[in-house]
Amino acid sequence: MTTKKGKKTTKKKPSTKRKGSSKKKKGVVGGALLAVLLILALVYAIVKVGQGPSVRTADLQELSIEAESYAFKHGLSTNYCFFVNYAVPSGTPRFYVWDFAKHDVVATARCMHGSGLANTASQPVFSNKVNSNCSSLGRFEVLRNEHGSRLMRSFRLRGLDKENSNAYGRGLLIHSSRWVDQNRHKKYIPLHTPSCQGCVTISTRGMRYVERLVKDEPKNILLWSFYRSE
């Protein structure tokens, strides 16, 4: 066959591709994409809450009911509270910011424990004694207008239970440490006395979030530390 200009052209051979195989390929690709999206959604949900295998949101929801009632009764914030579950490995976020209105965790951070007595990186030991360098369990009031003498990005803690009644006298704080940041990839953050002598010591990023929250709240916030595994 020639064109008007005399150039030869060749007939195009009919396509041998089957429409059915093309549809099958599209179906396979679509199915694979859907599977990837579902996996990403699941991973996002886990990372969002920042929970390790020893923590269930249901546990915090149950505790939050008691925490909100306690906060209201004692004139503390009924918007937010902080939880620390020392049963979770310290390399996994175990400090939780709880939103009472949303009934959910809205932020998490890694948190190390004290280095005193028989503490190890994987197993905390708790004490209320002065100079024990141990973390304490129980409910604390985060004093929004009181800070550490050497750590301005910090807030003093007042113990509200018998098991942490010496918290204020011990000078316990909630504050950040780069030691937490530097060891965040490890399952257990190594003990480090200069960084934690029983204080609630969290990541730098986490403390920035906490600082804004505490300063914006008109009332002091309740912090509740506990040890609970499945």
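Bear in mind that the values in this text are calculations on the coordinates, not laboratory data. Please read all numbers here as calculations on a predicted model, not as lab measurements. No Cβ is skipped: glycine too gets one built from the backbone with ideal geometry, and neighbour counts run over all protein chains shown.
Descriptive notes on the structure:
- The string of couplings for the range 180-194 from the Karplus curve (6.51, -1.76, 1.60, θ = phi - 60°) is 5, 4, 5, 10, 5, 7, 8, 5, 10, 6, x, 5, 7, 4, x Hz, one whole number per residue in order, with x for Gly and Pro.
- For the range 158-230, a/c is not less than 1.5, where a ≥ b ≥ c are the root eigenvalues of the C-alpha gyration tensor, and a/b does not top b/c. That puts it in the oblate class.
- Here r is the Cβ-Cβ distance between residue 168 and residue 87 and R0 is 22 Å; the resulting FRET efficiency, rounded to 0.05, is 0.30.
- Relative frequency of Cα-Cα separations exceeding 19 Å in the range 121-207, percent: 37
- Distances between placed amide hydrogens fall under 5 Å for residue 155 paired with 148, 174, all partners being 5 or more residues away or on another chain.
- Length gained when the stretch residue 122-residue 72 is fully extended (0.36 nm per residue, less Cα-Cα span): 14.5 nm
- Here the extension length gained between residue 215 and residue 182 equals 9.2 nm, from 0.36 nm per residue of separation less the Cα-Cα distance.
- In the range 53-226 the Cα-Cα distances spread across 5 Å bins starting at 0 as 1, 9, 19, 24, 23, 16, 7, 1 percent of all pairs.
- Projected over all directions and averaged, the alpha-carbon convex hull of the range 113-161 occupies 4.1 nm².
- With R₀ fixed at 25 Å, the C-beta to C-beta distance from residue 129 to residue 149 puts the FRET efficiency at about 0.70.
- Look at the dipole of the range 53-226 built from charges on Cβ: of 58, 90, 108, the Cα furthest out on the positive end belongs to 90.
- 10 Å beta-carbon shell around residue 159, net charge (K/R +1, D/E -1): +1
- Considering only alpha-carbon pairs that sit under 8 angstrom and 6 or more positions apart, the relative contact order computed for the range 144-191 is 28 percent.
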